[in-house]
1. Just want to confirm a number: the relative contact order over the stretch A:448-496, from Cα pairs under 8 angstrom separated by 6+ residues, in percent.
2. Do you know the relative contact order of chain B, to the nearest whole percent, from alpha carbon pairs under 8 angstrom that are 6+ apart?
3. Taking 22 Å as R0, compute the FRET efficiency from the Cβ-Cβ separation of A:Arg90 and A:Glu291 and round it to 0.05.
4. Sorted by accessible area (1.4 Å probe), largest first, how do A:Tyr4, A:Tyr108, A:Tyr490 line up?
5. Cα atoms only, the stretch B:3-62: Rg and Dmax in Å?
6. Can you give the log10 of the normalised intensity I(q)/I(0) at q = 0.06 Å⁻¹, computed with Debye over equal Cα scatterers of chain A?
7. Where both residues lie in the protein assembly as shown, what percent of DSSP beta bridges are antiparallel, nearest 5?
8. Rg (Å, one decimal) plus Dmax (Å, integer) for the alpha carbons of the stretch A:281-362?
Amino acid sequence: MKIYQKHEETREDVLQIIQNPSLTYEQQTFALAKLAENQLPLPVGEDETILELFEKGIICDLDEGHAPYAPRYILPDYDKLFREGSKFLRLDPPKNLLEAIQTLQIFYHHVPSITRFPVYLGRIDRLLDPFIEDREVAREQIKWFLIHLDRTINDSFSHGNVGPESTVAGELIIDLIQELQNVTPNLTILYDKEKTSDDFALSCVASSLVCANPAFANDKIFRRDFKGDYGIASCYNGLPIGGGAFTLSRLRLNKIAGESSSRADFFDRLLPLSIDALLRLMEGKIKFLVEETPFFKSSFLVKEGFVDLDRFVGLFGLVGMDEAVDTLMTVEGLDLVYGRDSEANALALAILDVIQKRVGEFRSKYGKIWNHRFLLHSQVGAAGDEGTTAGMRVAIDKDIPLYDHLRQAGQVHPYFPSGIGDHFPFDYTAKANPQAVLDIFNGGFESGMRYISAYSEDGDIIRVTGYLVKKSDLEKFNQGEQISYDTIQYAKDPLEKHGILNRKVVGVDG
Amino acid sequence: MAEALIQKIIDSSVVDGPGNRTAIFFQGCNFNCTYCHNPETISLTSETAILMTLEEVLERIKGNLPFIQGITVSGGECTLQRDFLLPLFKETKKLGLSNFIDSNGGISFEGMAELLAYTDGVMLDIKAVDPSAHLSLTGHPPDVVLDNALGLAAGGKLYEIRTVVIRDVLDNPGIVEAVSRMLKPYLKDHEIRYKLIRVRSHGVRPAYQNLLPPREKEMEKLKAIAVKAGFLEVTII
């Protein structure tokens, strides 16, 4: 977050954006818009604490912008679009596969988000399947649908959902993504052992070992938490359909621990102070968005009922649990580390209990669907997060055995209805035995995990914390070439500085 | 109390049968194959092997729940310690796990009916069919192995056949053809997998390091023979 004090600073940054050879025209335009937005003050009044915590790196707003004029994540009700069409876009309900695909593509173009692209594409297999008459024709049309998405939605935070049941459309999509090797869309199968056929689940695992897509969401747990339907958007964020998320900011728990003089100081002073500051910042942004900008009054998405103000929530993000716990152990003179030692893992749960309680006690003016409470979100990390491990994950170099790792993840996943996930690289031997990976996923889900994915160590496409990029594209980007999708910029730090490529699956023999 | 001599346990193996399994490698083998890549498991005694009780082995397996769908007993030749396998399999069945045996087939399964009742599948090596070739490779004639293959196939317990392929030493096509001919009648009732394994020098004793892996073309030819006979899943590793 940058607070602009002088006009010269603004001009310098404008010029820097305009002259950056690695940015496409659209990326420049977007950066300029963000820069303009950030000339405004944060919508929090005079709040020295918030600014101070920004300075210390404790609060991070992910460069979300100072004055949000559209919700961060929007999950339109695409079923309604297919039922009723859209007056604003002059679209009738589709009658065949071609119309269905075109209707979606047109609609996607008009869905804003923090990335300027739609972060939720809907349950695309279920949307398209009723229109399929001929498998071969459908294959060709869906293939071009997927190519269109990848080339026009230049951001791999754009997320499509498939499953839980197997459909012809779902099978075609999973088959095609392996052939196309695209980074967009990010895909998740809403997986339920009892609803998803073994064949479909296995083809999804096999696909993920070829193109890092799709990831697996624990449908049962998400349905329980959301009391029914939900969508997976952006990285792995579970959110209400017909709504979404107003905003997402986050606390770096490691920085809070680093600034605390003792465990007591952490729990009694700095953690609650930081939580309250982030709550104020989020509430300020939400009020600004709802009350000072026209989105919830004049957007066709709202007016035609594709989204409803009451179905949006605030996402309270957390990162850096790993380093926070280790720091608090060190402060007490204990050689116990997060992930490996049960005492350290218990401390993490104690921290989460405190956060969950305090965040749960705050009543937001909006967010009716979640009883005016913010949802906890284990955030995947961002550029500049060196020394801060994503969300609740165990630091990459710790190499704890896979089963222990998954059990530990199973303890923290329940706290995060709006998203948390772990991604594991498997070596080539697993490709010949996708059932083995599915067994491990099933075990993870039984242990309480909410979201998990696999990718292949030797593949070009990998899942960086929560979105896909091609390693070969990063090399081009580093040489100053333009890359069509924005996410490559965010992948640079995780891949080069945070050691994402060093994540290992430990204890699996192939 | 049941005890067994165990060389090692791999908590998560993706190459020893269906899905993710815990693989238990028993010490001691009745064969002495030239190309064995775990020669430390051949001797009936070993300084690196550990005598484990049934309870200890079960505890280790339970520690891997709910991530595995079963166990695979391997070796060495695990059926040498069949008196341990039976109570082990009874207990793992209670845990909802599947039981697979990885065997060289050198001991007749005829006398192991009760063990087979608790066994979901056997992965059997057929290293050669020609008596003299089998004898020089393993130190034993192939008769028992081949009888076992037929008996297990007839009983629906034969999950997989493995053949190690060596360049210029064995009549590789002859072996795969003979195996295919022999098992063809059973393939319509039960799927049997065929795994063709290139010989590798990793782990092999120095005296036998000179064995060469086959050429890619030959492996593809062998695969074609098995596929033609009706094996649905033929893999080359």
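1. 26
2. Relative contact order here is 18 percent.
3. So the FRET efficiency works out to roughly 0.10.
4. Descending order: A:Tyr490, A:Tyr4, A:Tyr108.
5. 12.4, 36
6. At q = 0.06 Å⁻¹ the computed log10 ratios are -0.26.
7. Around 30 percent antiparallel, to the nearest 5.
8. 19.7, 59
The values are calculated or read from the model by the stated rules, or taken from the named source; none is laboratory data. Not measured: the values here are computed from a predicted model. Note that each Cβ is placed from the backbone with ideal geometry, even for glycine, and that neighbours are counted across all protein chains shown. In case anyone asks, the SASA skips ligands and DNA or RNA and just uses the protein heavy atoms, side chains included. Shrake-Rupley method; radii C 1.70, N 1.55, O 1.52, S 1.80 Å.
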